[in-house]
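The values are calculated or read from the model by the stated rules, or taken from the named source; none is laboratory data. In this text the structure is predicted, and so the values were computed from the model without any measurement. Glycine also receives a Cβ, built like all others from the backbone with ideal geometry; neighbour counts cover every protein chain displayed. Quick note on the areas: whole protein, heavy atoms, side chains included, nothing else; ligands and nucleic acids left out. Shrake-Rupley method; radii C 1.70, N 1.55, O 1.52, S 1.80 Å.
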Amino acid sequence: MSDPAWQWCTRVNPKNRLRVKCNYCKQIISGGISRFKHHIAGTHSDVAACNGSQEIPLPAYVKHQCQQLLDAVKASRIEKDMEDADMGTHMKEKKVKVKMFNLNKKMLVSVWKQLKGKASCMVVVLLQPEKEEVQV
């Protein structure tokens, strides 16, 4: 239970980590902590987004933190897949096509989904720096 998202839910059954109850809207989510994070962040079509309740509204920072946790997992998977692809190409000594993209994080996810599974393609990603908000 080292995932920070556990602080925003409780297990329905202490022995089953795949069914959790949201502390904000009280909805029971099946699928574990990852699916729960999508519930809080409102980023997945397979699980209803949390809107909190009148008694316990969903704080914006919690939603933002869940989105950051999900982004970190995606970035880690992409990095691992790229390392695996790189190792595989060195061992097999085959030519690799390199595609370069200059994207923000949201665009990166959609591009990766399109390219995933193409063994002859290695993705090099240059993330654009996020624009700082200037207060006037």
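Observations, loosely collected:
- Among the residues of region 1-27, those that are loosely packed, with under 14 Cβ neighbours inside 10 Å, among the polar types (S, T, N, Q) and closer than 21 Å to GLN67 by Cβ comprise SER2, GLN7.
- Considering (1) assigned to a helix (DSSP H, G or I); (2) surrounded by 13 or more Cβ atoms within 10 Å (Cβ to Cβ), the lone condition that THR43 does not fulfil carries the number (1).
- Meets criteria (open to solvent by less than 50 Å² (accessible area, probe 1.4 Å), at pLDDT below 65 and in contact with a Cys (Cβ under 8 Å, 6 or more places away or on another chain)) for LEU115: yes
- Hits in region 1-31 (condition: at positive phi and out of contact with any helix residue (DSSP H, G or I) (no Cβ under 9 Å at 6 or more places or on another chain)): LYS26
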